[in-house]
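Enquirer: First the structure, then my questions, so here it is.
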Amino acid sequence: MEVIKNLHSYMAYVVLAVLIFAVFNAISGWLGKRDFTMHKDLRISLFALILSHIQLLIGILLFFISSNGLKAIQTLGMGGLNAPARLLAVEHPFTNIVALALITIGWSRHKRFMESDKKFKTISIFYGLGLLLILSRIPWGQWLN
């Protein structure tokens with residue numbers, strides 16, 4: 001279990017960096033009125049999507065095998081969780097699932113458009129919202145120690 005927890009923690013740095021890069025790339029493409037290229041822009045967005053989903057799968061696995069996830073809820077009940085335990089067992093997983101749903105919607109919607117500005121705008125908005133949600137529920141106190 002410790003290996004999965006460390007993988008989830010260290011991979012988070014990579015996922016955040018790639019996701020931030022994808023959002024800034026999309027915003028700069030949208031505001032700079034660049035052409036959306038398959039070689040660069042599509043790959044950056046796809047790489048962020050894939051890494052985010054891998055991170056989510058590792059997180060779901062961790063939720064089921066960690067004492068801070070489902071076992072905490074089963075042991076203490078929802079009412080028995082204090083704020084740090086609730087963050088790990090409920091808020092972090094739920095918010096990140098919603099964030100990944102937004103990122104996935106952004107990926108799916110951008111493919112409907114032929115115009116570069118609409119592609120960049122869609123990715124900027126949905127990936128950006130997903131990134132904000134992820135950043136809002138990172139257990140910073142535990143993660144940075």
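The values are calculated or read from the model by the stated rules, or taken from the named source; none is laboratory data. Computed from a predicted model, the values in this text were never measured in an experiment. Because the Cβ atoms are built from the backbone with ideal geometry, glycine has one as well, and the counts that use them run over all protein chains shown.
Enquirer: Scan I73, I103 and give me the residue that is in contact with a Ser or Thr (Cβ under 6 Å, 6 or more places away or on another chain) and surrounded by 16 or more Cβ atoms within 10 Å (Cβ to Cβ).
Expert: I103
Enquirer: Identify the residue in region 123-145 that is more than 12 Å from A22 (Cα to Cα) and not hydrophobic (A, V, I, L, M, F, W, C) and, among all such residues, is surrounded by the fewest Cβ atoms within 10 Å (Cβ to Cβ).
Expert: N145
Enquirer: Run down N96, N82 and say which single residue is among the polar types (S, T, N, Q) and modelled with pLDDT under 95.
Expert: Matching residue, one of N96, N82: N82.
Enquirer: Go through region 1-32 and count every residue that is among the small types (G, A, S) and touching a residue at least 24 places away in the same chain (Cβ under 8 Å).
Expert: 5
Enquirer: Just one of I54, I58, I50 is among the hydrophobic types (A, V, I, L, M, F, W, C), surrounded by 15 or more Cβ atoms within 10 Å (Cβ to Cβ) and under 15 Å from the mean Cα position of the chain (by Cα); which is it?
Expert: Criteria check complete, one pass: I58.
Enquirer: Can you name every residue in region 27-54 that is of a type in the set (A, V, I, L, M, F, W, C), assigned to a helix (DSSP H, G or I) and farther than 19 Å from V14 by Cβ?
Expert: Matches in region 27-54: I27, W30, L31, M38, L42.
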